[in-house]
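Notes to accompany the following structure.
The values are calculated or read from the model by the stated rules, or taken from the named source; none is laboratory data. What you see is a predicted model; the values in this text were computed from it and never measured. We place every Cβ from the backbone using ideal geometry, glycine too, and count neighbours over all the protein chains shown.
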């Protein structure tokens, strides 16, 4: 018996019918970089066409994307240096500009899937993903802060927590903290 897979490629309509992978706007996660109070767009040099935005510009960008069929967004904070400290306390401050913006985004666009970054490097004065003491990253102490950060973001109504740090056991720890605090429907994508 001859194997003839070409018969399944003989026309565009058949190829479309049986193709395994199809990428659509449903598959996109649009990255957004939030500036505190900024009114200008600042292009991200390493990502042409992507900008750091103030909240009002970001809301317009999300609205435009939704009209194009893009429904998922990953919102990253651009944290000014004067907010940073060695233990990333602003990462879980419910009154910080990032958390306020997340609440507003979900209020204005409840249908959008909002993902957030859980990591300490944007908030850490050392620039590390973890708490550093005597030149050593403290894994377990960092997990506690990551848990607080995830809880703070979940309380803003976001849909997906996105840990991007490198701590051992972070996903399991964050899942446990979220579940223990009633956020069983918040997903984790790492």
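Miscellaneous remarks
- Scanning segment 35-56 for any residue that is over 15 Å from the mean Cα position of the chain (by Cα), within 24 Å of residue 125 (Cβ to Cβ) and assigned to a strand (DSSP E or B) turns up at least one such residue.
- Test: residue in segment 42-54 that is out of contact with any strand residue (DSSP E or B) (no Cβ under 6 Å at 6 or more places or on another chain), modelled with pLDDT of 95 or more and buried (at least 18 other Cβ atoms within 10 Å of the Cβ): yes
Residue by residue, here is whether (1) within 23 Å of residue 51 (Cα to Cα); (2) touching a helix residue (DSSP H, G or I) at 6+ places or on another chain (Cβ under 9 Å) holds:
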site: 68; (1), (2): yes, yes
site: 86; (1), (2): no, no
site: 89; (1), (2): no, yes
site: 94; (1), (2): no, yes
site: 106; (1), (2): yes, no
site: 125; (1), (2): no, yes
site: 133; (1), (2): no, yes
site: 137; (1), (2): no, no
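- Set 75, 87: member being touching a strand residue (DSSP E or B) at 6+ places or on another chain (Cβ under 9 Å) and in a strand (DSSP E or B): 75
- Some residue of segment 173-180 being surrounded by 15 or more Cβ atoms within 10 Å (Cβ to Cβ) and not in a helix (DSSP H, G or I): no
- The residue list 62, 70 contains one member that is in contact with a strand residue (DSSP E or B) (Cβ under 8 Å, 6 or more places away or on another chain), part of a helix (DSSP H, G or I), crowded, with 16+ Cβ neighbours inside 10 Å and in contact (Cβ under 8 Å) with a residue 12 or more places away in the chain, which is 62.
- Qualifying residue in segment 16-24 (condition: in a loop (DSSP other than H, G, I, E, B) and within 25 Å of residue 127 (Cβ to Cβ)): no
- In segment 121-161, residue surrounded by the most Cβ atoms within 10 Å (Cβ to Cβ) [restricted to those that are under 21 Å from residue 75 (Cα atoms) and free of Cβ contacts under 8 Å to residues at least 12 places away in the same chain]: 128
- Scope segment 92-120; condition in a helix (DSSP H, G or I), in contact with a strand residue (DSSP E or B) (Cβ under 8 Å, 6 or more places away or on another chain) and surrounded by 19 or more Cβ atoms within 10 Å (Cβ to Cβ); matching residues: 97, 98, 101, 102, 105
- Within segment 89-103, residues that are more than 13 Å from residue 122 (Cβ to Cβ) reach no partner that is modelled with pLDDT under 95 with beta carbons closer than 7 Å at six or more positions or on different chains.
- Extreme residue, surrounded by the most Cβ atoms within 10 Å (Cβ to Cβ), among residues of segment 181-190 that are at pLDDT 95 or above and part of a loop (DSSP other than H, G, I, E, B): 186
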